[in-house]
Amino acid sequence: MIISMLPVYIFKLGNEIINQNKFCILNFVKNFELVMPNNIISDKAKIGKNVEIGSFCIIDDDVVIGDNTIIKSYVELRKATIIGKNCYIDSRVSSSGNCIIGDNVTIRYDSIIARGIKIGDGTYICPKVMTNNLNTEHEQIGGAHIGKNVFIGTGCVIQHGIEIGDNTVLGSMSFINKNVPKDEVWFGNPAKFQKKIKKA
Ligand SMILES: CC(C)(COP(=O)(O)OP(=O)(O)OC[C@H]1O[C@@H](n2cnc3c(N)ncnc32)[C@H](O)[C@@H]1OP(=O)(O)O)[C@@H](O)C(=O)NCCC(=O)NCCS
């Protein structure tokens, strides 16, 4: 009797906590989402079906998370961060908001997603990638526009306002301060063109 009532109780309690925008102190299930303890989730966030969220995350107003996306722990998604379907957002990723992340995107741990950034479908961002929004006068230029199926190596720094074409590879530890055309490999500090990517 008690066992059969328990899921209903958790479902109701979870909904109440999420709607009141308070600390969630219990695991709960809502519309097939699996959300772990100790998150702050705005009641104005839209969370798709089958989404998993770890612990100690902050999910602000107007955040959208697409179906089947996994959000690990200590992730901060600030206002109006839009994330597509089937994405993997690793631990300690932080988004400053007003940005659009496509479908099937992976963002590995400790990466920073600048305000205004756009990331195309299928792009893979390795750990500790930094993207910038401000210039040295502290003006908000906006984060880079990154194409589809781009691979960004570990530790890259991508300057504000940069355009990165589809299917490019940015080598690890590169400083990207120029636009990168599609189908090219760039690396270095500052990053330079290395070679064309041959299409299969
Ligand atoms: C950019 C990259 C894809 C190039 O791979 P590649 O075409 O096989 O290049 P090679 O390894 O043959 O290296 C060619 C030359 O470029 C240099 N080089 C390669 N990547 C470099 C980089 N990121 N920065 C500076 N130099 C680099 C190599 O040292 C080598 O120099 P040499 O000819 O003087 O010896 C690869 O080096 C890279 O950075 N991959 C990303 C790795 C990563 O971040 N993985 C994280 C997984 S989570």
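Taking residues in the range 153-177 that are more than 16 Å from K128 (Cα to Cα) and without any contact (Cβ under 8 Å) to a residue 24 or more places away in the chain, and partners anywhere that are surrounded by fewer than 21 Cβ atoms within 10 Å (Cβ to Cβ) and among the hydrophobic types (A, V, I, L, M, F, W, C), the pairs with Cβ atoms closer than 6 Å and at least 6 places apart or on different chains are G161/I141.
Here's the yes/no breakdown for (1) at pLDDT 95 or above; (2) in the same structural domain as K46 (by TED's automatic domain parsing); (3) in contact with an Asp or Glu (Cβ under 7 Å, 6 or more places away or on another chain):
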site	(1), (2), (3)
S111	yes, no, no
T123	yes, no, no
I141	no, no, no
G147	yes, no, yes
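Restricting the range 158-195 to residues that are in a loop (DSSP other than H, G, I, E, B) and hydrophobic (A, V, I, L, M, F, W, C), the residue that is surrounded by the fewest Cβ atoms within 10 Å (Cβ to Cβ) is M173.
Just one of the listed residues (D90, D103, D166) is acidic (D, E), more than 10 Å from the chain's Cα centre (by Cα) and under 24 Å from N50 (Cα atoms), namely D103.
Among the residues making up the range 161-192, a single one is of a type in the set (A, V, I, L, M), closer than 13 Å to H145 by Cα and in contact with a Ser or Thr (Cβ under 8 Å, 6 or more places away or on another chain): V180. Can you confirm whether the range 147-164 contains a residue that is out of contact with any Gly (no Cβ under 7 Å at 6 or more places or on another chain), among the charged types (D, E, K, R) and within 26 Å of V63 (Cβ to Cβ)? The answer is yes, given that some residue of the range 147-164 is out of contact with any Gly (no Cβ under 7 Å at 6 or more places or on another chain), among the charged types (D, E, K, R) and within 26 Å of V63 (Cβ to Cβ). Looking only at the range 132-150, filter to residues that are surrounded by 12 or more Cβ atoms within 10 Å (Cβ to Cβ) and more than 23 Å from V169 (Cβ to Cβ); which one of those is farthest from the chain's Cα centre (by Cα)? Result: N135.
Determine, yes or no, whether S95 is modelled with pLDDT of 95 or more, of a type in the set (G, A, S) and touching a strand residue (DSSP E or B) at 6+ places or on another chain (Cβ under 9 Å). When the stated conditions are applied, S95 passes them. Residues being within 11 Å of the ligand (Cβ to nearest atom) and under 15 Å from C99 (Cα atoms): count how many of those fall in the range 158-181. Of the residues in the range 158-181, 0 are within 11 Å of the ligand (Cβ to nearest atom) and under 15 Å from C99 (Cα atoms). Please enumerate the residues belonging to the range 126-157 that are within 16 Å of the ligand (Cβ to nearest atom) and in a loop (DSSP other than H, G, I, E, B). Answer for the range 126-157, where residues must be within 16 Å of the ligand (Cβ to nearest atom) and in a loop (DSSP other than H, G, I, E, B): C126, P127, K128, V129, N149, V150, G153, T154, G155, C156.
State yes or no: is I117 more than 15 Å from the ligand (Cβ to nearest atom), surrounded by 21 or more Cβ atoms within 10 Å (Cβ to Cβ), under 22 Å from N167 (Cα atoms) and under 12 Å from the mean Cα position of the chain (by Cα)? Judged against the criteria, I117 is a match.
The values are calculated or read from the model by the stated rules, or taken from the named source; none is laboratory data. What you see is a predicted model, and the numbers here were worked out from it, not measured in a lab. All Cβ positions, glycine included, derive from the backbone under ideal geometry; neighbour counts span all protein chains shown.
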